[in-house]
Amino acid sequence: MGSATAIVGVWVSNRIQNAVVQNSANSAALYMESIVSPLSQELALGDRLSEQARRALDEIFMTQPMRDRIVSYKFWKQGGVVVHASDTSIIGNRFEPTGDLQRAWIGEISGSFEELDHDESAAEAALGIPLLEVYSPIRELWSGEIIAVAEFYERADQLEMDLAKARRTSWLVVGSAFLASTVVLFCIVAIGDNTIRRQARLLKKRLAESERMAAQNAMLRSRVVEASGRYAAQTDRFLKKLGAELHDGPAQYLSLAALRLEAAFSDKSPKPKEAEEIQQSLQKSLTEIRALSRGLSAPDIDNLTLVDVVRRAVEDHAEHSPLRPEISFHGGDMPDLSVSDKLCVFRFLQETLSNTARYAPQSRCSVTCHVRDDCIVIQVKDDGPGFDPLDGTVLRDDGGQGLLGLRDRVESIGGRFQVSSSPGQGTTVEMTLFPNKTSSP
């Protein structure tokens, strides 16, 4: 801010000084032109003034009012030649034309203040007083053509005081303006700073609230996942118990009824048609109950490792299906899984392998288990006919849930479920489980 104030102050001060000097030079030039122009018309015909014209000029500049105002003068011709001057020792000398002299030759009145640093101004500079140096073009009366340039040095004591006053005034105005701007800017910055600080405090408070809510949501999510896992484990235990009850209860009674019906008729006597139908119905019911019992009952996997669970699921499927998947394990040490996680792995493989055997029985199938730092990824892949994944995530007409139910089971315990397939490109079904549920996305 201080540098800007100094730059603007210097610029304004110089502009004021140049304007005042130029106005003073114009006034002085107009005054002198009315005096010297009639006496210097001879220069239109030559490079010298007549003795009579020189004497007249000397008498004019030696009068008391003029002598107090003009301390010296010169008349210039083209090329920087002094044809007449109050200092007779430089008459006829040639000097390098200054910028002010060159501007005068093109018709401009020019002036400078306290710039007496040229060779032709050495005598005036030696006086040690403030001088206004003015260059005024002299024109021929009839044609208006510039025939010479008059240079004169006017005492500038009053001009020096006026310029000093103007400088002080300009610096005072510029300084006051910048001071006022600084005060206004400071107030704006202070108000903005207070607003920013208030907003920062508010944002910090809201961030703390958001962090508390995020921590609370994470805790609630963890509790929901744990509750879902416990519910899944309890549900599978219930189904296992229900399967055992069906196998040991109604299935046994149906088997006993079939035996007694068989014994009621000897081989020698023919069976009534109704007895044959009853016996066939009993056998069908017994078969369905046993199949239902096997489907409801999951193996005892509480003490099995992840590798054992995967192999057990594949082996159980192989007992009633010609499909023989390839099994591979990758990654580090197998993590310890909860019962709900093991059940999810078992049901995932059970359902996906069953789907593969149903829809792609002739395909090559592989089961891959990847163990990573914070998760396990189990993938079932086949090169069968494939399908549109959107069709596999809706409820079937027969009431089955298909992949939709499998997705719900996986996501209910904090896992991820993904299906990649397209017609003619095979199918990949992938499940990701996070043993540390709080780290799952």
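Rounded to the nearest 0.05, the FRET efficiency derived from the C-beta distance between Ala218 and Ala177 at R0 = 60 Å is 0.55.
Using a 1.4 Å probe, what is the accessible area per residue for the range 48-95, in Å²? Show your work: numbers first, answer last.
Working: 2610 Å² over 48 residues.
So the range 48-95 comes to 54 Å² accessible per residue, rounded to a whole number.
Can you list the chymotrypsin sites (Phe, Trp or Tyr not before Pro) in the range 102-187 that are in a DSSP coil and have 13 or fewer other beta carbons within 10 angstrom?
Values: sites: Trp105, Phe113, Tyr135, Trp142, Phe152, Tyr153, Trp171, Phe178, Phe186; in loops: Trp142.
Listed in order of number, the matching sites are Trp142.
Taking a Cβ cut-off of under 11 Å around Gly426, the surrounding Lys, Arg, Asp and Glu residues balance to a net charge of 0, with basic ones at +1 and acidic ones at -1.
Heavy atoms only, probe 1.4 Å: what % of the accessible area of the range 339-380 goes to carbon and sulfur, would you let me know? Please report the intermediate quantities before stating the final value.
Details: 720 of 1680 Å².
Reported share for carbon and sulfur atoms: 43 percent.
Only one residue of Leu116, Met161, Ala150 has its Cα farthest out toward the positive end of the dipole of the range 107-178, where Lys and Arg carry +1 and Asp and Glu -1 on Cβ, and that residue is Met161.
The values are calculated or read from the model by the stated rules, or taken from the named source; none is laboratory data. Note that this is a predicted model, so its numbers are computed, not measured. Backbone-built Cβ (ideal geometry, glycine too); neighbour counts: all protein chains shown. These accessible areas exclude ligands, DNA and RNA; they are computed on the full protein's heavy atoms, side chains included. Shrake-Rupley method; radii C 1.70, N 1.55, O 1.52, S 1.80 Å.
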